[in-house]
Amino acid sequence: MADAQEIKQHFWKKLADSPFVMIGLEGDGQHSEPLTAQLDEDQVDTLFFFIGKDNRLASGGKAMVQFVAKGHDFFACLSGNARIDNDFAMIDKLWNKQVEAWFPGGKDDPNLALLRFDIDDAEMWETDMSLAGKVKMLFGGTIKSGDEGSHAKVGTTAA
């Protein structure tokens with residue numbers, strides 16, 4: 001089983017490999033929506049998202065992000081605060097061809113907003129189940145506590 005430090009490292013690697021998450025504001029009665037996280041290695045505990053100014057997340061506030069790795073072997077739920085942070089230097093740093101496809105006006109598109117999500121805490125699960133555990137699951141056997149994988153509740157995702 002991995003310790004909390006290893007799980008945090010695995011989280012950032014998995015997220016970089018497949019940066020697609022669900023994010024929603026807490027208490028607004030709206031469903032979460034899929035967005036692509038933009039990662040900046042210089043920003044600890046922070047995710048960025050390019051959104052339209054008319055997006056329901058633009059009002060900001062307490063938010064939750066859910067992540068499932070593409071191999072379905074890592075899961076995370078992140079709690080924090082979302083807010084618009086239109087720092088042009090950060091927009092320039094994170095800009096890429098995929099973002100450009102959504103904003104035809106480029107970095108100066110009048111509807112462009114950079115949403116910053118600051119992580120307060122996180123809960124993460126990694127399924128590093130043994131081969132024997134996978135066989136038990138496949139055929140309905142009993143999974144013991146040491147077979148299921150790793151789990152961590154953390155106050156920071158910094159490695």
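The values are calculated or read from the model by the stated rules, or taken from the named source; none is laboratory data. Values in this document were obtained by computation on a predicted structure and should not be read as measured data. Positions of Cβ are generated from backbone atoms using ideal geometry, with glycine treated the same way; all protein chains shown enter the neighbour counts.
Which residue, of Ala76, Ala82, Ala63, is touching a residue at least 60 places away in the same chain (Cβ under 8 Å) and either more than 28 Å from Glu26 (Cα to Cα) or outside any helix (DSSP H, G or I) (or both)?
Details: Ala82 fails: touching a residue at least 60 places away in the same chain (Cβ under 8 Å); Ala63 fails: touching a residue at least 60 places away in the same chain (Cβ under 8 Å).
Within the list Ala76, Ala82, Ala63, the selection yields Ala76.
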Against the conditions (1) under 22 Å from Glu126 (Cβ atoms); (2) exposed (fewer than 14 other Cβ atoms within 10 Å of the Cβ); (3) touching a Phe, Trp or Tyr at 6+ places or on another chain (Cβ under 9 Å), where does Asp40 fall short? Just the number, please. (1)
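Got at least one residue in the stretch 38-52 being of a type in the set (A, V, I, L, M, F, W, C), more than 12 Å from the chain's Cα centre (by Cα) and at pLDDT 95 or above? Give the derivation first.
So in the stretch 38-52, the residues of a type in the set (A, V, I, L, M, F, W, C) come out as 39, 44, 47-51.
Next, only the ones that are more than 12 Å from the chain's Cα centre (by Cα) stay: 44, 50-51.
From what is left, the residues that are at pLDDT 95 or above are 50-51.
Within the stretch 38-52, one or more residues are of a type in the set (A, V, I, L, M, F, W, C), more than 12 Å from the chain's Cα centre (by Cα) and at pLDDT 95 or above.
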Let me confirm something: among Asp108, Asp128, which residue is acidic (Asp, Glu), out of contact with any helix residue (DSSP H, G or I) (no Cβ under 6 Å at 6 or more places or on another chain) and modelled with pLDDT of 65 or more? Asp108
Output the number of residues of the stretch 5-44 satisfying the condition of being in contact (Cβ under 8 Å) with a residue 60 or more places away in the chain, assigned to a loop (DSSP other than H, G, I, E, B) and among the charged types (D, E, K, R). 0
Candidate set from the stretch 14-29 (those that are modelled with pLDDT under 95 and farther than 26 Å from Asp87 by Cβ); member that is surrounded by the most Cβ atoms within 10 Å (Cβ to Cβ): Gly27
Can you find even one residue in the stretch 102-110 that is part of a strand (DSSP E or B) and at negative phi? no
Could you count how many residues in the stretch 43-60 are in contact with a Gly (Cβ under 8 Å, 6 or more places away or on another chain) and closer than 20 Å to Glu123 by Cα? 1
On the given criteria, is Met90 at pLDDT 95 or above and surrounded by 14 or more Cβ atoms within 10 Å (Cβ to Cβ)? yes
Scan Leu35, Leu57 and give me the residue that is of a type in the set (A, V, I, L, M), closer than 24 Å to Gly106 by Cβ and under 10 Å from the mean Cα position of the chain (by Cα). Leu35
Quick check on Val65: is it more than 19 Å from Trp125 (Cβ to Cβ) and within 16 Å of the chain's Cα centre (by Cα)? no
